[in-house]
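The values are calculated or read from the model by the stated rules, or taken from the named source; none is laboratory data. Just so it is clear, the model here is predicted, and its values are computed rather than measured. In this analysis, Cβ positions are derived from the backbone assuming ideal geometry, glycine residues included, and neighbour counts consider all displayed protein chains. Accessible surface is based on the protein model in full, side chains and every heavy atom, while ligands, DNA and RNA are left aside. Shrake-Rupley method; radii C 1.70, N 1.55, O 1.52, S 1.80 Å.
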Amino acid sequence: GESVGLHLPTLSVQEGDNSIINCAYSNSASDYFIWYKQESGKGPQFIIDIRSNMDKRQGQRVTVLLNKTVKHLSLQIAATQPGDSAVYFCAETGDYKLSFGAGTTVTVRA
Amino acid sequence: NAGVTQTPKFQVLKTGQSMTLQCAQDMNHEYMSWYRQDPGMGLRLIHYSVGAGITDQGEVPNGYNVSRSTTEDFPLRLLSAAPSQTSVYFCASSFTSNTEAFFGQGTRLTVV
């Protein structure tokens, strides 16, 4: 079946460096993509979203890139901080269903 | 504005027992959904609703029932709990399936 997945399960990054988290999706009908952050013991929190008619969207310290040709989504975090340590999920919406990938655990080194 | 409220936060059930996980939102969202989260599996969609009176199955619906009698509430019922249903359950709501979803804090369920 079609699914959303992530390339790497873990990412270790030095504080102050930029982080890049990747995601591959397979549902060509998906038209809305979201990145969520989940801290231990909490529900997922919205970070940033992008619609299929865009290829880039920027927020505060975060940028999402969408490449529909290769069905690839990425989240860039600028100047990574200790508070960015969490699990990051990409998600896509198709056929009224919001589907999640398995997640990437980001650890920030001091 | 409370957002999405889930109760209870923790629950232990014996195999075969039934229970209802409650979910309420005060944002007038039409779209609501239930997920379960298991280690290494991400979040998997159980059931969803695009509005009051309308529900549909997600990826893993077996063993669960839902109803949507009001816009605010979307309870999830376990008919006969099994150890395989041990998981963390999250409820989410949004205006539509194509807008930002807000999640509750989760219910950690253990079936023994």
### Task
Could you name every one of the strands (runs of 3 or more DSSP E) located completely within region B:25-112 that has at least 3 residues being more than 18 Å from A:Ala91 (Cα to Cα) and touching a residue at least 24 places away in the same chain (Cβ under 8 Å)?
B:76-78, B:107-111
### Task
Within region B:84-112, track down each residue that is within 12 Å of chain A (Cβ to nearest Cβ), β-branched (Val, Ile, Thr) and open to solvent by 10 Å² or more (accessible area, probe 1.4 Å).
B:Val88, B:Thr96, B:Thr99
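Per-residue answers, yes or no, for (1) of a type outside the set (Gly, Ala, Ser); (2) in contact (Cβ under 8 Å) with a residue 60 or more places away in the chain:
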| position | (1), (2) |
| --- | --- |
| A:Ser40 | no, no |
| A:Arg51 | yes, no |
| A:Gln60 | yes, no |
| A:Thr105 | yes, yes |
### All strands (runs of 3 or more DSSP E) inside region A:27-106 with 3 or more residues being open to solvent by less than 10 Å² (accessible area, probe 1.4 Å) and more than 14 Å from chain B (Cβ to nearest Cβ)
A:72-77
### Query
Among the candidates B:Gly42, B:Gly58, B:Gly51, which residue alone is over 16 Å from B:Gly3 (Cβ atoms) and either more than 10 Å from chain A (Cβ to nearest Cβ) or open to solvent by 20 Å² or more (accessible area, probe 1.4 Å) (or both)?
B:Gly51
### Message
For the structure I just gave you, tell me whether A:Pro9 is closer than 26 Å to B:Tyr31 by Cβ, within 14 Å of chain B (Cβ to nearest Cβ) and not polar (S, T, N, Q).
### Response
no
